[in-house]
Amino acid sequence: MKHLRFRFILLTVIFLLTLIFPIINQFTNIIPDIANSENKEPTKKPTLIIKEIDQYPLQFENFFNDHFSIRQRLVKKYVDFHLFLFQMTPNPDQVVLGKDKWLFLGGKETDVYTGKNRLTQEELILLTEELEYRQNYLQNLNCQFYFVIAPVKSSIYPEFFPKKYLISNPESGGRQLISYLNKNSSVKTIDLYKLNQWKNLGLLYYKIDNHWNKQGAFLASNIIIQSLKKDFPNLQEWPLETMTINKKVINTGNLAGMLSNTTLFTDTLYELTPEKGFKAKEVSKREYPVVKGFPYPWEFESDREIEGSEFPKILIISDSFGGNLFPYISESFSRSVKIFDSWQYKLNENIVTAEKPDIVILMVLESNLRNMFEHFSKPNNQTPSKK
């Protein structure tokens, strides 16, 4: 009996120490925590306001959950446990673990791989009408319009996506829309799925981030320039051989950050620089009004110019995929403006009027095609009925 009582007391003490150790360690720092690698900002300590005291307990709880002692060590061990024991991430709806430690974004990007994001006939018609409206609007301003879909990583590297995800249709919604437009509309499209043919040159997308890397972005810009040359034959494209390429091993990426773990995964950073340097230089922004609530307001507008150039002017409406692409495509234009309008992909008539571009490119990440239904420019257009 004494032996059982001792075990009971010992387990109770261990349990209580486990509960209170993070609080003790908060003040003593017996076990220092590791650096925060999460892809989010920790919650700031709330200010106690008597008039809003009902909200304070929840605010403080959120703050404490983000800051308690050895939190990052515990999170890392939790992630390691899932990765090695179950061969999956602890949050597969957000991050998918593929072959050879490739990471893919879950949710809508997984739906692209499985074919669940395919568009209905009604959605295809509505998107076509919207794009044709934009084309006509811009043609009246002597501006050419081109529609581009940026492929998600699994569309270029499906071989690294886990096979346990069943494919309901091999043609994604992005490929479906490009095919539909080519058959039923005069809207000019540019097919970036052609990036598949360049995979032998090295990585085109990051392994632990959902974006294309600078090599992939450079090759995508060349595909775009080749298409534009049909209407603008004087545009200049830049062979890969004219670029100086430097590579280094990294362990940072937005998907690794979402797992709070940057030590288990490695990637290759490609730096591509023209041998004679970039001709298009960053210039001051014109400070167009930023979309209200956009979490990255500093990325809303980017401007580059080639001094004394007689090349055409271009306006690109895109998302975060436009970031790596922009410096390379700007090398072919006298003035280049990129707008990241908080994933709305709008026509942005005020910017078109101010810039008077010769070319407007709308580049939409294929997992975000349905975002356009919320921001139609065509009068009296409607959102599609729910399935």
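The values are calculated or read from the model by the stated rules, or taken from the named source; none is laboratory data. As the structure is a prediction and not an experimental result, all values here were calculated from the model. Cβ sites come from the backbone with ideal geometry, for glycine too, and all protein chains shown count toward neighbours. Surface areas here come from the heavy atoms of the whole protein model, side chains and all, with no ligands, DNA or RNA. Shrake-Rupley method; radii C 1.70, N 1.55, O 1.52, S 1.80 Å.
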Taking segment 224-237, which residues are part of a helix (DSSP H, G or I) and open to solvent by less than 10 Å² (accessible area, probe 1.4 Å)? ILE224, ILE225, LEU228
In a helix (DSSP H, G or I) and under 24 Å from GLY107 (Cα atoms): does that describe GLN176? yes
Which numbered condition in (1) out of contact with any Ser or Thr (no Cβ under 9 Å at 6 or more places or on another chain); (2) hydrophobic (A, V, I, L, M, F, W, C); (3) part of a loop (DSSP other than H, G, I, E, B) is the only one that VAL290 fails? (1)
I need every pair where a residue in segment 372-385 that is among the β-branched types (Val, Ile, Thr) has its Cβ under 9 Å from the Cβ of a residue that is at pLDDT 85 or above and in a loop (DSSP other than H, G, I, E, B), sequence separation at least 6 or different chains. THR383/PHE376
Give the residue that is nearest to LYS199 (Cα to Cα), with candidates limited to residues of segment 109-134 that are touching a strand residue (DSSP E or B) at 6+ places or on another chain (Cβ under 9 Å) and open to solvent by less than 10 Å² (accessible area, probe 1.4 Å). LEU131
Could you please give the count of residues in segment 135-151 that are touching a strand residue (DSSP E or B) at 6+ places or on another chain (Cβ under 8 Å) and part of a loop (DSSP other than H, G, I, E, B)? 1
When LYS276 is evaluated against the numbered criteria (1) of a type in the set (D, E, K, R); (2) modelled with pLDDT of 95 or more; (3) on the phi < 0 side of the Ramachandran plot; (4) assigned to a loop (DSSP other than H, G, I, E, B), which criterion, by number, is the only one it fails? (2)
Would you confirm whether or not segment 74-82 contains a residue that is open to solvent by less than 10 Å² (accessible area, probe 1.4 Å), at pLDDT below 90, on the phi < 0 side of the Ramachandran plot and out of contact with any helix residue (DSSP H, G or I) (no Cβ under 6 Å at 6 or more places or on another chain)? yes
Go through segment 358-371 and count every residue that is touching a residue at least 60 places away in the same chain (Cβ under 8 Å), under 15 Å from VAL112 (Cα atoms) and open to solvent by 30 Å² or more (accessible area, probe 1.4 Å). 1
Tally the residues that are open to solvent by less than 20 Å² (accessible area, probe 1.4 Å) and either under 22 Å from LEU369 (Cβ atoms) or not in a strand (DSSP E or B) (or both), restricting the search to segment 293-331. 15
When ILE167 is run through (1) within 30 Å of GLN94 (Cβ to Cβ); (2) open to solvent by 40 Å² or more (accessible area, probe 1.4 Å); (3) without any contact (Cβ under 8 Å) to a residue 40 or more places away in the chain; (4) among the β-branched types (Val, Ile, Thr), the failure sits at (3)
For segment 186-215, give me each residue that is closer than 16 Å to MET363 by Cβ and either part of a helix (DSSP H, G or I) or without any contact (Cβ under 8 Å) to a residue 24 or more places away in the chain (or both). LEU192, TYR193, LYS194, LEU195
